[in-house]
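The values are calculated or read from the model by the stated rules, or taken from the named source; none is laboratory data. All figures in this text were calculated on a predicted structure; none of them were measured in a lab. Quick reminder, even Gly has a Cβ in these numbers, built from the backbone with ideal geometry, and neighbours come from all protein chains shown.
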Amino acid sequence: MVLRRKRLSEGLTVTQKVFVRSRNGGATKIVREHYLRNDIPCLSRACKKCIHIVVPDAKNELPNFVLSESPQKLTDGRKHYVVLDANIVLQAIDLLENPECFFDVIVPQIALDEIRNVSYPIYTRLRALCRDSNDSKRVVVFHNEFNENTYVERQPDETINDRNDRAIRRTCSWYADHLKEDEINILLVTNDRGNLERAIEEGLEAKSLADYIDLLPQSDHIKDALPNMDTFASRDKDVEARSEFKFPDYYSTARVMGGIKSGVLYQGSVQISEYNFLEGLVSLPNFSKPVLILGQKNLNRAFNGDQVVVELLPQSEWKAPSTVALDSEHFDVNDNPDADEGQNDREDEISDKQRRLLVQDAIQTQKSGRIQPTARVVSITRRSWRQYVGQLATNSVDLQNGGTQNAFVILMDKCLPKIRIRTRRARELLNKRIVIAVDSWPDAYKYPLGHFVRELGEVESVEAETEALLLEHNVEYQPFSKRVLECLPGEGSNWKAPENISDPDAITKDPLLAKRRDLRDKLICSIDPPGCVDIDDALHAKQLPNGNWEVGVHIADVTHFVKANTPLDAEGASRSTSVYLVDKRIDMLPMLLGTNLCSLKPYVDRYAFSVLWELDDNANIVSVDFTKSVIRSREAFSYEQAQMQIDDQSRTDELTQGMRALLQLSIKLKQQRLDAGALNLASPEVKVHMDSETSDPGEVEVKKLLATNSLVEEFMLLANQSVARKIYDAFPQTAMLRRHAAPPATNFENLNEMLQLRKGMSISTESSKALAASLDRCVDPSDPYFNTLVRIISTRCMMAAQYFYSGAYSYADYRHYGLAVGIYTHFTSPIRRYCDVVAHRQLAGAIGYEPLDLTHRDKNKMEFLCRNMNKKHRNAQFAGRASIEYYVGQVMRNNESVETGYVIRVFHNGIVVLVPKFGVEGLIRLENLTDDEQAAEFKAEEFKLSFKPKGSESPKDIFVFDKVNVQVKSVLDPVTSKRKTQLLLR
Amino acid sequence: MVMSLTEKRYLQECLISKPPLRPDGRNDDQFRPIEVFTDFLPTSNGSSKIVASDGTECVVSVKSKVVDRSLEDDLIVVDVDITGRRDDSPLVQEIASILNRVLLLQIDQEQLRLTQKYSFKLYIDVLVLSSYSHPLTLISFAIYSALNSTQLPTLISSEDDLDVAELPTFHDYDMSKLNIDIPIMFTLAVCGQNVIVDPASSESDVASNGILVTWCKGKVGAPIRTLSLNEEYTRGIHPDRLAESIRLIEILAPKVLQALDG
């Protein structure tokens, strides 16, 4: 292939880039014109030449020369700039962000391209670093591919990587030459052996990452954060960890693509069982149930949440899901070679043809019986790796060793294996929560390799535990950035709604004001949990002359302050939801809006988005109207206060009358909903009372529900439905909605089997109405809590409700199964949920208040928003629960007690018991139940475990749903230094 | 060039004399000079441009696609476009059908095989920019040069994909030379007892018939057939002319290939 350069004009040359793209088995030859320029500057302040060649960009701005003229000196006193290879950024982005090292960094464009292709999150972090560190670290991108001095053409028989490495070396040599007079050395940092050797051959200065860090003045500090790779350097030394054990190789891309196309390989994401970290499930298309993956070798280095490709195992290896509970911290504590391994070495000789037949068998088998098809992971499409929180395993640390050593980190997420890190601060880090990043998992290593990122603090300290759970649940908790805060109204907390909305002055400031309705004369009040500061909603009711009721739901007008396409909007969209922890709230929007300007506080004028209905006496909707408004709340009640005021017969003022009317109407609304088949599910929700002075958790209380809770709830549901219908009418393709799919009957199989066997009851899943009715029938006269227990277990069998845009499903699938309504959205909490913000904008568009922004009319963008919302919403729930769990643990630390519990699962080696009083559940292992583990007998089909209790000779049978007395105490696990609830049978 | 009846008569007399007197002074076995350029279209896998001394010009581009062999029968498709002629004109159709047949007949499709399941399919596009004499010989030379310069993506996945399904995957840059036996075709004009190669347009106008001879894998091969060069003078041929044509091509073809390969 002859590549030519052709000069087009002064300073602009054109050449061609040719490559072959393999896609779906085809090969396309692609030729691109590639333009080279001579006006790309080196961006160094020391340089006196480049200033003459620069030209302004499209915004008429000149490039910013960032690199310092007196950069950091190495230990030998020479000034240097660093040029990075892509592998350094990919492996050590944490180190790049470290404020103590890597100053004046040049990232060649070719490396940046590679980073973007390999990992987009790392790419965005690097971009953010380039953008924000001009005064501190100074990182620039040098567009070597477009500079005619540094562009290199690919040579015959040269791999693309070799060519790119050569381009990076060319960039280095150009820089070195360019800045020779200024006495700035150029140092190439790469962990690629070939590139390193060749660079040195070519007379460039090149170092591996570890060697480079050694050259820095403050190297000792930084060394711990070095990524732990199976590099050429470590490969020779590190023999101990690489025993005879070896994971199977992954398949080649060609094999994976071909296999998926011909239906012998399947792609899905792995979900590791929370009871057994060596058992995973993969949901696959065509299969009615997830397919099982059992054992370390079959999981083949997959992490929880990874996107993987699997292959079915021969029928002889199909199994029932394991009945053993197993977690990583107690598995292989001393890291013995696993006894189970080795038996699994089977000859894999089935051909693809047989495999296709196997799929048919597998689908058939899933429909019957307990034996499940199993599969093994043959390739990992996308890793779900992020930063993880954990702590050093005490027994893996050699306390005598003061130098660098290998240690295991046990992660908080018990579905994940322990991580091997190298650290010199092992002794110091014991009993601390630490953040680590996973680097790689070579096939010869039993555990993945990672490196230390930072420490959070002592185990069990509130700060460390709170930050840990925020990190673990991927909650963004950093303070809002300056750019975001700049979007807030300039008046700050002095912002006031105009006195008169037809005031010409005010209208010139805000032309939309004329479209607002003044509802300050309405007797509006809000009802919220005590101590609520972000008041989203307020209500009013008034009897109309015709005897019907005018009911208004007024929602904080967040979108007046949060305009689309501002940094504030982007931040809100990215956080998607506020996160409520026991002692802390992570806001979606800055405080000023959430707790002040948008919050519908009493006695002040606030902007609102109002839904006004005319309801008849039976709470049927006569008409509905939507308007932006100005309101003044008369009072902010807590649920109890509201209840008291309603109950207080002596009060007959108009506000109280309105509240009574609301209560009556809400009761009718609720009845209508229940008649339609709305579910009344339960979760063991508890509340932790904090001591107000020391903010130590005091006691745990199960949440109580008052009639006023459901008063507010019913009207919010009504508002959400009315809005959903309206925005769906206006934007049939992109309306922001929420759905709840009917649970597949298979989800209830296990529960039904247990109910049938133990209580002679059953649950029908035909419709939500049938389900609700059958749940009502599940009553054990001798135990009032039994019904709640069934509801709790049923809740876990349900599908998760999800946000979606209307174009994503057909109308029939919009149904909200739990609420038994046909169409639903979230509209009523825009301060703490982003979905509501979108719904507000769409409603504003639908009523002609202001045109809807394009981003909410674009299916792809809505898809992206919805996916993020669903993810963040789930994370927020988990974070909230984890926070409660932590505090419950702290409470129980002080008071040990004996409580009533219920057996909800029976395993081969233990039982899972739920204690309603604390909302905790825990596994009681067989070894804690009996002295004679061998004599214990497990009958899976009867959900029965028989054993001889400690200190007793007569055997005891434990069935699922049994009511048991358990001793509840909180213990610190010696292996993981994790506090958890320990239950012991009494 | 339009000739008067007298001129045609004169030319015909010249050509049937022994040895033939050709208007441009060539011997019966001499070709006109041609210019060949190859591999000048970056987006195609192989390309050539050929210009004859009378101004006839022809461009050929070869593109490839990966196909499942069980779904595609013909792995080579030739498309011919001649400037100034409709796609359904007899000349264009005749040339296209001859080329398709010859290439499918003479090229061993096994040579295009990638794996057990997949093959390359070649799309050969012929564009005749201007033609003053029967363009078949020229087109055939151009196809030969184009296929000779064709570079196909290099397979890096395994070739045996019958038992273990694999999608072919290719090297992102390196190409391999296409290695096939390419047939070439010669047109000869019969004038009385004489057979002359590479007839110019004036010669074609008065030739009593044309003969097409195919050369492949070092020998004369099928098809050998007559080709009507004009409408006025065409008549039957004596089998001796056929034998003579073949003899002539057996001498000439290796030399022509040598020239094209060089």
Inset, instruction - Determine if segment A:176-188 includes at least one residue that is outside any helix (DSSP H, G or I), under 41 Å from the mean Cα position of the chain (by Cα) and within 14 Å of chain B (Cβ to nearest Cβ). - result: no
Inset, instruction - Those residues that are farther than 28 Å from A:R45 by Cβ and under 41 Å from the mean Cα position of the chain (by Cα), I need them from segment A:189-222; list them, please. - result: A:N191, A:D192, A:R193, A:G194, A:N195, A:L196, A:S208, A:A210, A:D220
Inset, instruction - Report yes if some residue within segment B:183-196 is surrounded by fewer than 16 Cβ atoms within 10 Å (Cβ to Cβ) and farther than 30 Å from B:L114 by Cα; otherwise report no. - result: yes
Legend entry - Filter result (closer than 30 Å to A:H80 by Cβ and either assigned to a helix (DSSP H, G or I) or within 14 Å of another protein chain (Cβ to nearest Cβ) (or both)) within segment A:1-51: A:C50, A:I51
Legend entry - Pick from segment B:152-176, criterion more than 7 Å from chain A (Cβ to nearest Cβ) and touching a Phe, Trp or Tyr at 6+ places or on another chain (Cβ under 9 Å), ranking: surrounded by the most Cβ atoms within 10 Å (Cβ to Cβ): B:L152
Inset, instruction - Quickly run through segment A:81-136 and pick out the residues that are part of a helix (DSSP H, G or I) and acidic (D, E). - result: A:D94, A:E97, A:D113, A:E114, A:D132
Legend entry - Of all residues making up segment B:83-129, the number that are crowded, with 21+ Cβ neighbours inside 10 Å, of a type in the set (V, I, T) and farther than 19 Å from B:I184 by Cα: 1
Legend entry - Meets criteria (of a type outside the set (S, T, N, Q), surrounded by fewer than 16 Cβ atoms within 10 Å (Cβ to Cβ) and within 14 Å of another protein chain (Cβ to nearest Cβ)) for B:E13: no
Inset, instruction - Output the number of the condition that A:A325 fails; it satisfies all remaining conditions of (1) closer than 19 Å to A:Y445 by Cα; (2) modelled with pLDDT under 80. - result: (1)
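What residue, of A:K496, A:K509, A:K542, A:K515, is touching a Ser or Thr at 6+ places or on another chain (Cβ under 9 Å) and either in contact (Cβ under 8 Å) with a residue 60 or more places away in the chain or surrounded by fewer than 18 Cβ atoms within 10 Å (Cβ to Cβ) (or both)? Steps first, answer last, please.
Working: A:K496 fails: touching a Ser or Thr at 6+ places or on another chain (Cβ under 9 Å); A:K509 fails: touching a Ser or Thr at 6+ places or on another chain (Cβ under 9 Å); A:K542 fails: touching a Ser or Thr at 6+ places or on another chain (Cβ under 9 Å).
Exactly one of A:K496, A:K509, A:K542, A:K515 is touching a Ser or Thr at 6+ places or on another chain (Cβ under 9 Å) and either in contact (Cβ under 8 Å) with a residue 60 or more places away in the chain or surrounded by fewer than 18 Cβ atoms within 10 Å (Cβ to Cβ) (or both), namely A:K515.
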Inset, instruction - Any chance you could count how many residues in segment A:170-220 are on the phi > 0 side of the Ramachandran plot and among the acidic types (D, E)? - result: 1
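One line per residue, one yes/no per condition, for (1) more than 38 Å from the chain's Cα centre (by Cα); (2) at pLDDT 90 or above; (3) surrounded by 14 or more Cβ atoms within 10 Å (Cβ to Cβ); (4) not assigned by TED's automatic domain parsing to the domain that holds A:G919:
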| position | (1), (2), (3), (4) |
| --- | --- |
| A:F626 | no, yes, yes, yes |
| A:V630 | no, yes, yes, yes |
| A:Q649 | yes, no, no, yes |
| A:E654 | yes, no, no, yes |
| A:S666 | no, yes, yes, yes |
| A:D675 | no, no, no, yes |
| A:N680 | no, no, no, yes |
| A:S683 | no, no, no, yes |
| A:V688 | no, no, yes, yes |
Inset, instruction - Take the residues in segment A:154-170 that are among the acidic types (D, E) and within 11 Å of chain B (Cβ to nearest Cβ), then tell me which one is nearest to A:D113 (Cα to Cα). - result: A:D162
Legend entry - Subset of segment A:189-228 that is in contact with a His (Cβ under 9 Å, 6 or more places away or on another chain) and part of a loop (DSSP other than H, G, I, E, B) - its residue that is surrounded by the fewest Cβ atoms within 10 Å (Cβ to Cβ): A:L226
Legend entry - Qualifying helices (runs of 4 or more DSSP H) (wholly inside segment A:381-493; at least 2 residues being crowded, with 21+ Cβ neighbours inside 10 Å): A:462-472
Legend entry - Subset tally (residues that are touching a residue at least 60 places away in the same chain (Cβ under 8 Å), surrounded by fewer than 22 Cβ atoms within 10 Å (Cβ to Cβ) and in contact with a helix residue (DSSP H, G or I) (Cβ under 7 Å, 6 or more places away or on another chain)) for segment A:287-319: 3
